[in-house]
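Q: Dropping a structure here in structure tokens format, bear with me for questions.
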Amino acid sequence: MTRRSISILGATGSVGEQTLDLIRRNAEEWQVEALTANTNVAGLAEAAREFRAKVAVVADEGRLGDLRDALAGSGIEAAAGRAALCEAAARPVDLTVAAIVGCAGLGPVMAAIEQGGTIALANKEALVSAGEILKAAVGRHGATLLPTDSEHNAIFQCLAGNRIEDVRRVILTASGGPFRTFGADRLANVTREQALKHPNWAMGAKITIDSATMFNKGLELIEAHHLFPVGLENIEIVVHPQSIIHSMVEYRDGSILAQLGPSDMRVPIASCLAWPQRMDTPMAPLDLPAIGQLTFEAPNETVFPATRICREAIAEGGAAPAVLNAANEIAVEAFLARKIAFSTIAVSVERVLNQGELPDAPRTLEEVLRVDEDARNRATRMLELV
Ligand code: NAD
Ligand code: MG
């Protein structure tokens with residue numbers, strides 16, 4: 001059996017570690033090329049040694065010395081900085097798992113696309129900020145995008161063997177997050193600790209806060225719009241608190257196909273690792289009688305305006321989604337640093353979007369990064385974080 005080569009961008013995060021967990025169980029099938037992290041040198045070096053990676057890259061340039069020390073004697077190459085991150089992502093591999101959080105992943109995702117391999121994309125912010133540009137690059141370089149976000153992976157699976165023209169509706173399911181039943185009054189003063197407790201999923205801090213505000217579902221709406229060309233008006237969000245159905249596709253004959261599974265990211269990650277085949281995962285099979293009920297509700301956009309704001313941004317097009325994403329990243333960081341209230345997140349994102357003229361539609365990656373930087377600065381000033 002020939003081993004498949006793999007790079008994991010964001011190897012020390014929640015998605016990265018779950019990917020490594022699956023690789024560990026089938027170690028003889030994989031050759032690890034590059035592993036990357038932001039600042040966690042110890043975690044990165046440990047994974048690089050265990051999986052005999054060829055190169056380990058830390059984004060923080062100041063930590064190159066630490067990384068070299070941690071890898072001493074291993075024969076593993078050490079590198080640091082943003083350019084090194086993109087260079088590592090550009091090395092030809094069979095599969096790249098793009099699991100960096102935020103627009104910081106955009107350059108590396110583009111580099112991975114340009115080497116023409118298959119990319120398992122978890123990094124939704126990259127697609128939100130630069131969807132058109134990334135899709136054009138996928139076409140130009142003959143790359144393959146496999147959606148790894150659980151909902152998009154579910155939709156991808158439900159589309160297999162069908163024609164996109166026959167789709168009537170894509171139904172994106174949402175857990176509703178920890179505050180699903182809250183009114184606006186109670187929501188205003190929720191704490192960081194409450195917001196970091198997701199009822200169904202264990203994930204990184206940023207996406208956990210996004211799940212609580214419903215910006216996660218809004219970003220996923222934009223993500224779905226780029227991945228599945230069925231028309232924005234045909235993508236519907238339905239709250240499904242049990243997180244067992246990960247999304248659905250309705251066809252014009254009235255059939256609805258759904259993908260079900262445990263709320264464990266290793267399922268969609270495994271589906272990308274093995275695609276177009278299947279592989280074993282260690283989780284217990286779903287016990288449907290124990291689950292008992294699957295319920296559905298309409299989202300409440302009065303209390304949680306994020307999905308409306310995202311829908312409007314994608315309808316507006318141009319720079320709006322990149323501005324929205326940047327403003328949200330700044331607001332989430334500020335909330336995590338206890339500098340702003342929970343309900344200020346959505347208010348500030350909408351204000352940044354409505355403040356003056358939006359920049360021109362970005363046509364290149366560099367232009368997206370400029371729009372992103374500018375929107376971050378505006379959000380920072382608006383929230384008086386400086
Ligand atoms: P995380 O915070 O746990 O990990 C993020 C990873 O990215 C880490 O390895 C970190 O070192 C790296 N990173 C962070 N900032 C960086 C920077 N500026 N430059 C370079 N590297 C950087 O995040 P996560 O929960 O694993 O999420 C990763 C992505 O996957 C996000 O886009 C998220 O929306 C998406 N996603 C995550 C889950 C989940 O269950 N965690 C589910 C669906 C989608
Ligand atoms: Mg998701």
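Just so it is clear, none of the values below were taken in a lab; they were calculated from the coordinates. Since this is a predicted model, take the numbers as computed values, not measurements. Cβ coordinates were reconstructed from backbone atoms using ideal geometry, including for glycine residues, and neighbour counts include every protein chain displayed.
Q: Per DSSP H run of at least 4 residues, take -39500 (n - 2.57); add these up for the chain, divide by its residues and hand me the 222 nm value, nearest 500 deg cm²/dmol.
A: Result for the chain, helices only: -13500 deg cm²/dmol.
Q: Grab the Cα-Cα distance for Ala205 and Ala284, subtract it from 0.36 nm times how many residues apart they are, and report the gain in nm with one decimal.
A: Numbers: separation 79, 0.36 × 79 = 28.44 nm, distance 2.60 nm.
Extra length from Ala205 to Ala284 when fully extended: 25.8 nm.
Q: Any idea what the dipole of the range 70-206 comes to, in debye rounded to 20, about its Cα centre with Lys/Arg Cβ at +1 and Asp/Glu Cβ at -1?
A: Charge dipole, the range 70-206, about its Cα centre: 360 debye, nearest 20.
Q: Sticking with this structure for a sec: For Ala361 and Ala315, compute 0.36 nm times the residue count separating them, minus their Cα-Cα distance, and round to one decimal in nm. The partial results should precede the final answer.
A: Working: separation 46, 0.36 × 46 = 16.56 nm, distance 1.30 nm.
Net length gain for the segment: 15.3 nm.
Q: Shifting gears a bit: Before anything else, pin down the relative contact order of the range 257-334: Cα pairs under 8 Å, at least 6 apart, normalised by residue count, whole percent.
A: 15 percent
Q: While we're on this one: Please identify which residues in the range 206-224 have an amide N closer than 19 Å to a label point set 7 Å out from the Cα of Asp21, following the Cα→Cβ vector.
A: Of the residues in the range 206-224, 206-209 have backbone N under 19 Å from the label point off Asp21.
Q: Which of the trypsin sites (Lys or Arg not before Pro) found in the range 220-302 are loop residues per DSSP with 14 or fewer other Cβ atoms within 10 Å of their Cβ?
A: In loop regions of the range 220-302 (DSSP not H, G, I, E or B), the sparsely surrounded trypsin sites (Lys or Arg not before Pro) are Arg252, Arg278.
Q: Turning to a different aspect of this structure: What is the order of Ser343, Ser7, Ser74, Ser271, fewest Cβ neighbours within 10 Å to most?
A: So the residues, fewest neighbours to most, are Ser74, Ser343, Ser271, Ser7.
Q: Also, quick follow-up: For the chain, what is the relative contact order in percent, using Cα pairs closer than 8 Å and at least 6 residues apart in sequence?
A: Reported as a whole number, the value is 14 percent.
Q: Where both partners of a DSSP beta bridge lie in the chain, what percent of those bridges are antiparallel, to the nearest 5?
A: Close to 25 percent.
Q: Further, regarding this structure: Taking R0 as 45 Å, what FRET efficiency do you get between Lys197 and Ala160 from their Cβ-Cβ distance, rounded to the nearest 0.05?
A: According to the calculation, E is roughly 0.80.
Q: Using a 10 Å cut-off around each Cβ, can you sort Ser5, Ser348, Ser247 from fewest to most neighbouring Cβ atoms?
A: Ser5, Ser348, Ser247
Q: Further question on the same structure: Please list the non-local residues whose amide H lies under 5 Å from the amide H of Val238, H modeled 1.01 Å from N, same-chain partners needing a gap of 5 or more.
A: The answer is Leu172, Thr173, Ala174.
Q: Gaussian network model of the chain, Cα springs within a sub-10 Å range: biggest mean-square fluctuation belongs to which of Glu297, Glu373, Glu357?
A: Glu357
Q: Can you give the FRET efficiency to the nearest 0.05 for Leu294 and Arg370, using r as the Cβ-Cβ distance and R₀ = 30 Å?
A: Computed FRET efficiency for Leu294 and Arg370: 0.10.
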